[in-house]
Amino acid sequence: MIYLIAGLVLFLGIHSARVFAPAMRDNFIASRGEGPWKLTYTVISFAGLILLIWGYGQARVDNVFFYSPPTWFSHIVLLLMLPSMILLVASQFPAGYIKKTVKNPMLLAVKIWALGHIVVNGDLASWLLFGSFIIWAVLVLISTKKRGQTFPDNTAVISDVLSVVVGTGLWFGIALWAHERFIGVAVIA
């Protein structure tokens, strides 16, 4: 479980630099430039992600189980992942109505994804992994609201259309192939 925790600290820690250590981040960028910051951010994120994935796999071998969810919970999670994928994609496009309405579509996508996975996984490793992501998303959202966020006056409807189309395609790809291939758990039997 130590590798999972270390991965979470690295991955979520670097993704929280703007929230918990804005002066450190700003000083780093001011003294070395934005390029070295992005490189450092990428390397630490990637190392944390690899450690998190490996640590989660290791933690599941000798895990503590709290409960065994009913089989039908997986259907609910499958449905929850559709808006999660659409919101995730919407966060990467120029502001459309989805982005303007939700304000932070990526953070909402992470919360939906993590909450859904907590529901269907009643073990300690899953609660630690997905619970950490929920806590991170809530803290970043609070920080983002304090900083304020503005959107341009024009709204790109095409962004919403692309978000729905690409998000739905991503959802199908993960549900039908990628989740079983890379996570080892079939979403649709």
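The values are calculated or read from the model by the stated rules, or taken from the named source; none is laboratory data. All values reported here derive from a predicted model rather than from experimental measurement. In this analysis, Cβ positions are derived from the backbone assuming ideal geometry, glycine residues included, and neighbour counts consider all displayed protein chains. Surface accessibility is based on the protein's heavy atoms, side chains included, excluding ligands, DNA and RNA. Shrake-Rupley method; radii C 1.70, N 1.55, O 1.52, S 1.80 Å.
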Gained length - LYS103 relative to VAL165, 0.36 nm times residue gap less alpha-carbon distance: 20.3 nm
Neighbourhood charge, 15 Å Cβ-Cβ cut-off, centred on SER16 and excluding it, Lys, Arg +1 and Asp, Glu -1: +3
Distance (nanometres) between label positions extended 7 Å along Cα→Cβ at PHE66 and ALA156: 4.0
Shape of the stretch 90-189, Cα gyration tensor, a/c cut at 1.5: oblate
Full-stretch length increase - ARG25, VAL9 - with 0.36 nm per residue and alpha-carbon distance subtracted: 4.1 nm
Tally of Lys pairs whose C-alpha atoms are under 22 Å apart, taken over the chain, 8 or more apart or cross-chain: 11
Point-charge dipole on Cβ atoms (K/R +1, D/E -1) for the stretch 1-81, about Cα centre, debye to 20: 140
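Taking a ≥ b ≥ c as the square roots of the Cα gyration tensor eigenvalues, with a/c under 1.5 meaning rounded and otherwise prolate when a/b beats b/c, else oblate, which class fits the chain?
Values: a/c = 1.94, a/b = 1.16, b/c = 1.67.
In terms of gyration-tensor shape, oblate.
Taking Rh as the Kirkwood radius computed over C-alpha pairs, what is the Stokes-Einstein D of the stretch 24-124 at 4 °C in a medium of viscosity 1.567 mPa s, expressed in µm² per second?
Numbers: Rh = 16.6 Å.
Stokes-Einstein gives a translational diffusion coefficient of 78 µm²/s.
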Sequence-separation-based contact order of the chain, relative, with Cα cut under 8 Å and 6+ spacing, percent: 25
Expected 222 nm ellipticity per residue - DSSP helices of 4 or more, -39500 (n - 2.57), all of the chain, to 500: -23500 deg cm²/dmol
Share of carbon and sulfur in the accessible heavy-atom surface of the chain [1.4 Å probe, %]: 71
Farthest toward positive dipole pole in the stretch 3-110 [+1 Lys/Arg, -1 Asp/Glu at C-beta], among ASN63, THR101, ALA6: THR101
1.4 Å probe accessible area per residue over the stretch 1-155, in Å²: 58
Computed label-point distance, nm, for sites VAL138 and THR40 using a 7 Å Cα→Cβ extension: 3.0
